[in-house]
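Report on the structure given below.
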Amino acid sequence: MTGDQASTGSAHLRVVPRRGGPVGPTGPGYGPRVTADHGATDATLVASLARTRQDALAEAYRRHAGAVLGLARRVLRAPPLAEEVLQEVFLHLWRYPERFDPGRGTLRAYLLTLAHARSVDLIRTERARRAREERDAVRRTPQEEPLDERVVEELSVGGEVEVAMKTLSEDERQAIELAYFSGQTYREVARTLGEPEGTIKSRIRTGLRRMRGALAESRIGES
Amino acid sequence: MNTHEEIRELLGAYALDAVDADERRALEHHLTTCDACTREVSEHCEVVAGLAPDVDVAPSLWEGIERSMSPRPEEEASRRPRRRVAAALSAAAVAALAFLGWKVMDLDARLDRAGGEGVVAAANAALTNPEADRLVLRSPKSTLAVDVVILPDGTGYLVQDNLDPLPEGRTYQLWAMLGEQPISAGTLGRDPGIIPFRVGSGTTGLAVSVERAGGATAPTSDPVAFGTVTLR
C-alpha cells in the first residue's frame with residue numbers, strides 16, 4: 001500500500017465529501033453534519049482505509065486471479081461461468097476477509113478452494129438439472145456426454161508440482177485428476193474407472209499424501 | 001461413517017470436493033472439533049493448489065469486481081415508510097401488523113401484483129396464524145425493509161416492502177440461506193406486491209437481491225435486505 005495513504009488529511013485529499021452529493025470512493029454516507037476540519041480529516045482517513053483495502057484486494061487479485069480463473073475454466077469448461085466464479089471468489093474475500101486463516105494455509109490455496117467448491121457446485125447443479133430433464137423427456141436420447149467420456153487429459157503443470165506428481169502411481173494420478181477436475185464424487189470416479197469405491201478413496205488420499213511428502217522434500221532440498 | 005478411521009479415509013476426497021452431500025455435511029461437522037483432520041485437509045488443499053492452471057485474465061473482469069466493491073450510498077438517513085400494502089388484508093391481519101408496530105400506510109389494493117385473491121387470502125391467513133413467524137428483512141442501514149410472514153411448514157408471504165421499483169431488465173430475487181449457502185426462493189419481480197414463497201427446513205435466513213430479469217442461480221451482489229429466521 002502506498003505511503004501517501006497515511007495522509008494527515010491536508011494536502012492529498014482524494015475526495016471531499018459534499019453534503020447531499022456523491023460521497024467518497026466507497027460510500028457510504030459520512031453523515032450530514034461535517035465540520036470543516038475534523039470532518040474532512042475523518043472523511044479522508046476513512047477513504048484512505050477503504051482505498052488501502054481496495055489496493056490489498058487488487059494485489060491479491062494480481063497474484064491469484066490467473067490461477068482462480070484457470071481452475072474454474074478447467075473444471076467448468078465454460079468461460080463465462082468461470083468468470084462468474086472468479087468474481088464471486090474475490091468478492092467473497094472482499095466481504096469476509098476474516099474467513100481466511102493464515103495459520104491454516106496460503107491465501108492462494110484458500111482462494112482456489114473457494115473456486116473449486118463453487119465450480120463443482122455449479123457442475124453438479126447443472127448435471128442434476130439435465131438429469132431431471134432427461135427423466136421428463138419423451139425422447140430418451142441423452143444430450144450430454146456420459147460420465148465415462150470425461151477422460152483424463154494430459155495435465156501440464158509446471159515446476160515442483162509436476163515433479164511431485166511423478167512420484168505417484170498412474171492409478172493415483174488418474175484418481176486425483178479425475179476427482180479434482182471433473183466434478184465427480186469419488187463414487188462416480190470409481191464407477192467411471194470400474195474400481196471399488198474404497199480403492200479410489202484410498203488412492204486419492206495416499207496420492208495426496210505422497211505429493212505432500214515430495215513437495216516438502218524438494219523444498220528442503222532447495223534451502 | 002462411524003469410526004475416525006472411516007472419516008480419515010474420506011479426507012482426501014473431501015479436499016477435492018469429491019464426496020457426496022451427506023458425507024460432506026458429516027465431515028464438516030467432524031472438522032469443527034478435530035484439529036488433526038482439519039490440518040490434513042488443509043495440507044491436501046495446499047497440494048492441489050499447485051494443480052491449478054494459471055491463465056491470463058482480461059482487465060475487464062477486475063472492473064466488475066471493483067464496481068461491486070463499492071456499496072451503494074443510502075439515499076436517506078432515516079427509515080422510509082412502506083409504500084404499499086394490499087388493502088385486501090383482512091381487518092384481523094391489519095390488526096396483527098399494527099400490533100407489531102408496522103405502519104399500514106396505504107390501503108389501496110394491489111391485487112394484480114399480489115397474484116390474485118387466492119394469494120391475498122392465504123397471506124391474510126398466515127398473518128393471523130399464531131404459529132407464524134413475522135420478520136423484517138432490512139438493508140444494512142435499515143432504510144429498506146421487507147415484511148415477511150412464514151408458517152412452520154416453510155410457506156411464506158412477502159407482505160409489504162419499501163423497495164424501489166426496478167428498471168426493465170432487472171428483478172428482485174428472494175434467497176433462503178442455509179447457513180452461508182443461498183438457495184433461490186423465487187423471483188419477486190420489479191415491484192413486489194404480495195408474493196408467496198417456500199423455504200425448507202434448515203433455513204437460517206432470508207435475503208433479497210437485485211438480479212437480471214429471469215433471476216440468477218446465485219446472488220450476484222450484496223443483498224438489499226436480509227434477516228435471520230428461526231423455523232420452529
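The mean number of partner chain beta-carbon atoms within 10 angstrom of a residue's beta-carbon across peptide A:86-95 is 4.
Calculation over all alpha carbon pairs of the stretch B:121-232 in 10 angstrom steps from 0 returns a P(r) of 16, 51, 30, 3 percent.
P(r) for the stretch A:39-105, from all Cα pairs and a bin width of 10 Å, is 19, 39, 27, 11, 4, 0 %, short bins first.
Here is the list for the stretch B:164-232: GluC sites (Glu not before Pro) lying in DSSP coil, each with at most 11 other C-beta atoms within 10 angstrom of its C-beta, are B:Glu168, B:Glu180. The mean count of C-beta atoms from other chains within 10 Å of the C-beta of residues in A:107-114, rounded to a whole number, is 5. Centroid-to-centroid, using Cα positions, the stretch B:1-71 and the stretch B:164-194 are 29 Å apart. Per-residue mean of foreign Cβ neighbours for A:121-128 is 2 (Cβ atoms of other chains, 10 Å radius). In the context of the full protein assembly, B:Phe197 retains an accessible surface of approximately 20 Å², using a probe radius of 1.4 Å and ignoring ligands and nucleic acids. When you count the other C-beta atoms within 10 angstrom of each residue and take the mean per peptide, B:187-194, A:82-89 line up highest first as A:82-89, B:187-194. How would the stretch B:1-40 be classified by its alpha-carbon gyration tensor: rounded, prolate or oblate, with rounded meaning a/c under 1.5 and the a/b versus b/c comparison settling the rest? Taking the square roots of the gyration eigenvalues as a ≥ b ≥ c, the stretch B:1-40 is rounded.
The values are calculated or read from the model by the stated rules, or taken from the named source; none is laboratory data. Note that the structure is a prediction, hence the values are computed from the model and not measured. No Cβ is skipped: glycine too gets one built from the backbone with ideal geometry, and neighbour counts run over all protein chains shown. Quick note on the areas: whole protein, heavy atoms, side chains included, nothing else; ligands and nucleic acids left out. Shrake-Rupley method; radii C 1.70, N 1.55, O 1.52, S 1.80 Å.
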